[in-house]
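Colleague: Here it is, the structure, as structure tokens.
What follows draws every value from the coordinates through simple rules; no lab data is involved. Remember, predicted model here, so these are calculated numbers, not experimental data. A quick note on method: Cβ atoms are made from the backbone with ideal geometry, for glycine too, and the neighbour counts reach across all protein chains shown.
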Ligand code: NAI
């Protein structure tokens, strides 16, 4: 554990049971943050929390559905009680409900909006109270290259583009309180989410990932650690002049 200024700080990472969220939680714990690993079920975060504690870090698992204002309020209060005021928030929880527009149901549309947009709104609203009180804070929202448009993802691309607007507005509103807000827009990252996409398309994952890598300038797909490293920078003290940005972490230029 580094003796950095962040050592006493608390970070909440949503969707921390697996994939990118789990990697971000572990990275921030290594950076010295106490980490609240939040996901739908508290028990689903036990792997993330035990990886952190066995490496000498500090973390708690919290079960909450980010779509629920009551659950979010209780979760953020619990993080504050158990770890100290949460001044870092990573809005990472996400789902896909892909389909071409003509086959997309209202439920597919609404559920994607609710998790990504309503979830990030509720979490940010709850956490900003602690950030403005502390006069310091960092919010990182997970957008996606899909924000630029992606076949079969009219719901998801809309939500991910919406998160970019949300991020820029938070940067404008919260900057005077010492709070920065940025978005990371990952390209293809190897997680259960991309495994599910390959399954939906009926392509073996290895083939799917190989095909994707051929289209990526650095000729590989991304790993959760690629995103965790970017989050680590954005929540650091030295990133305090970076705000309202969308950083494409996609192995090549986007946007
Ligand atoms: P994942 O599907 O592996 O993990 C997402 C986590 O979010 C799961 O643990 C899930 O239980 C949790 N979650 C879902 N709904 C929730 C809710 N209502 N409340 C609390 N937790 C909830 O996904 P992955 O790949 O790790 O993605 C993480 C984020 O990065 C998502 O926002 C995703 O849209 C975004 N992203 C992922 C990319 C990829 O290639 N894997 C590319 C671009 C963006």
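Colleague: Nearest 10 degrees, 0 to 90: what angle lies between the long axis of helix 119-134 and the longest principal axis of the chain (Cα atoms)?
Modeller: It is inclined by approximately 20 degrees.
Colleague: At 7 Å along the Cα-to-beta-carbon direction for both residue 107 and residue 70, put a label point, then send me their distance in nm to one decimal.
Modeller: 2.2
Colleague: Now, a different point. Largest first and in whole Å, what are the equivalent-ellipsoid semi-axes of region 109-211 based on the Cα gyration tensor, each being the root of 5 times an eigenvalue? Mind dumping the intermediate values first?
Modeller: Numbers: eigenvalues 198, 36, 26 Å².
Semi-axes from the Cα gyration tensor: 31, 13, 11 Å.
Colleague: Right, next: In whole Å, what three semi-axes, largest first, describe the equivalent ellipsoid of region 1-125 built from its Cα gyration tensor (square root of 5 times each eigenvalue)? Mind showing how you got there, number by number?
Modeller: Details: eigenvalues 159, 44, 27 Å².
Three semi-axes, in Å: 28, 15, 12.
Colleague: Which one of 176, 160, 125 has the biggest mean-square fluctuation once the chain is modelled by GNM with Cα springs under 10 Å?
Modeller: Most flexible of the set in this elastic network: 176.
Colleague: Across all directions of projection, what mean area in square nanometres is found for the Cα convex hull of the chain?
Modeller: Working: hull surface 52.1 nm².
With every direction weighted equally, the projected area is 13.0 nm².
Colleague: FRET efficiency for residue 150 and residue 50, Cβ-Cβ distance as r, R0 = 30 Å, nearest 0.05?
Modeller: Details: r = 35 Å, r/R0 = 1.18.
About 0.25, to the nearest 0.05.
Colleague: Can you tell me the 0 to 90 degree angle between the C-alpha axis of helix 205-214 and the longest principal axis of the chain, rounded to 10?
Modeller: Once rounded, one gets 90 degrees.
Colleague: For the chain, what does the helix formula give at 222 nm: sum of -39500 (n - 2.57) over DSSP H segments with n ≥ 4, over the residue count, nearest 500 deg cm²/dmol?
Modeller: Computed mean residue ellipticity for the chain: -14000 deg cm²/dmol.
Colleague: Have a look at 88, 218, 179 and tell me which one the Gaussian network model of the chain (Cα, springs below 10 Å) gives the largest fluctuation.
Modeller: It is 218.
Colleague: Please build a GNM for the chain, connecting alpha carbons under 10 Å apart, and tell me which residue among 187, 175, 47 fluctuates the most.
Modeller: Looking only at 187, 175, 47, the biggest GNM fluctuation is shown by 47.
Colleague: Here's a follow-up. Gain in length, residue 172 to residue 134, computed as 0.36 nm per residue apart minus the alpha-carbon separation, to one decimal in nm? All intermediate terms of the calculation are to be shown ahead of the outcome.
Modeller: Details: separation 38, 0.36 × 38 = 13.68 nm, distance 1.77 nm.
Working it through step by step, the gained length comes to 11.9 nm.
Colleague: Kindly provide the pair-distance distribution of region 155-255 built from C-alpha pairs, with 10 Å bins from 0 and whole-percent values in order of increasing distance.
Modeller: 14, 38, 32, 13, 3
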